[in-house]
Amino acid sequence: MNTDTLFRPFIHPKLELPNRIVMAPMTRQFSPGGIPDDSVCDYYRRRAEGEVGLIITEGTTVPHKAASSHVQIPRFHDEALEGWAKVVEDVHAAGGKIAPQLWHVGVIRKPGEGPYPDFQTVSPSGYLRPEKKVLEPLSTAEIDDLIAAYTQAAVNAKALGFDALELHGAHGYLIDNFFWEGTNVRDDEYGGSLVKRTRFAVAIIESIRAAIGEDFPIILRFSQWKQQDYDARLAQSPEELEQFVTPLSAAGVDLFHCSNRRFWDPEFEGSDLNLAGWVKKLTGKPIISVGSVGLTEEFIATYREGTAEVAGIDELITRMEADEFDLIAVGRALLANPDWPKLIRTGETDKIKTFSKDQLTELV
């Protein structure tokens, strides 16, 4: 197996990387009081030393009191910024590049959770899932505050010396709560058609772009599936997917990060293209794919007690050689093997470890 395609430099006007391997963002809850400490620095530095082309951090929360669901999820504001500055310094010293994933958990947060337990959980329309309304809808003034919170976090990212930023718009969290018709039944400018349901994200992207300028890269992660419904789909066809991604691309997204549970799954009937492949075809923008790379089991199975054995990456190589997508994000394989890219490059695949839920604490 020739893995050279994984180690081609990625050249973009706003971002240059030594190879095509990205560290996928993975929630950890290992930041005491929401502040990244030396162990967090070490965690990311080890992956930079292992030759990851771009590290995308775990979700780190924007400055809004309902953004976090756990006191040890890292924040991206106030005193936590000093910790993140040290993370950036250590990753750059190891020759790596890094982007924070800016996050608001939205309706996933149960009332009373997180560092501000008295603050109300927020949702576009108050729905946790289509059949369950549990909260009051966000007002337009509250939406404006949230847009400002994301914008301030983006300004922080640039000021700290990060190489890019990623907006978490996937998996049933706040931005995705606006995308999905199951949690967004608004009848104002932020709800209605699929295109109108992109308006919250578009407003965030436009506000960020105005604040940080044109040269800093913005990545948007999105998914069809939700934690509330693994079979949910934002777009039922390529035509609907084009309606969805076009306004986001025009607003200023530089790279799309298309979250699949298995990267090899075709997205629409009649084509072998995965979600990332379709978004690249429709937008022409660089695309990150992701999903169970190098392992036999998708992530839900392993976090429910299963063990993921090491799998070959022949199909990944084939798809990347065909230019289906530009970059590939690796998650659990990098938890078990901080030097996974180096082992792939040198052909020492016999040293790659399996991954199980029981290993998680000792590996991170």
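We did not get these values from a lab; they are worked out from the coordinates using the rules stated. Computed from a predicted structure; not experimentally measured. Glycine also receives a Cβ, built like all others from the backbone with ideal geometry; neighbour counts cover every protein chain displayed.
Table for the structure above
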{"quantity": "Selection from region 124-150 of residues that are exposed (fewer than 14 other Cβ atoms within 10 Å of the Cβ), of a type outside the set (K, R) and free of Cβ contacts under 8 Å to residues at least 40 places away in the same chain", "calculated": "E131, V134, E136, S139, A141, D144"}
{"quantity": "Region 309-322 residues that are touching a residue at least 40 places away in the same chain (Cβ under 8 Å), paired with ones that are of a type outside the set (A, V, I, L, M, F, W, C) and buried (at least 20 other Cβ atoms within 10 Å of the Cβ) (beta carbon under 6 Å, 6 or more apart)", "calculated": "I313/G294"}
{"quantity": "Tally of residues being buried (at least 23 other Cβ atoms within 10 Å of the Cβ) and more than 15 Å from D90 (Cβ to Cβ) across region 35-52", "calculated": "0"}
{"quantity": "Hits in region 171-209 - residues which are charged (D, E, K, R), in a loop (DSSP other than H, G, I, E, B) and farther than 24 Å from K65 by Cα", "calculated": "E181, D187, D188, E189"}
{"quantity": "Residue identified as at negative phi and surrounded by 23 or more Cβ atoms within 10 Å (Cβ to Cβ) among A159, A154", "calculated": "A154"}
{"quantity": "Selection within region 82-139 - farther than 23 Å from K196 by Cβ and among the aromatic types (F, W, Y)", "calculated": "W84, W103, Y116, F119"}
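Listed here are the residues, each with its yes/no results for (1) of a type outside the set (F, W, Y); (2) touching an Asp or Glu at 6+ places or on another chain (Cβ under 9 Å); (3) more than 30 Å from T5 (Cβ to Cβ); (4) assigned to a loop (DSSP other than H, G, I, E, B).
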{"site": "R46", "(1), (2), (3), (4)": "yes, yes, no, no"}
{"site": "Q72", "(1), (2), (3), (4)": "yes, no, yes, yes"}
{"site": "G95", "(1), (2), (3), (4)": "yes, yes, no, yes"}
{"site": "Q101", "(1), (2), (3), (4)": "yes, yes, no, no"}
{"site": "T121", "(1), (2), (3), (4)": "yes, yes, yes, yes"}
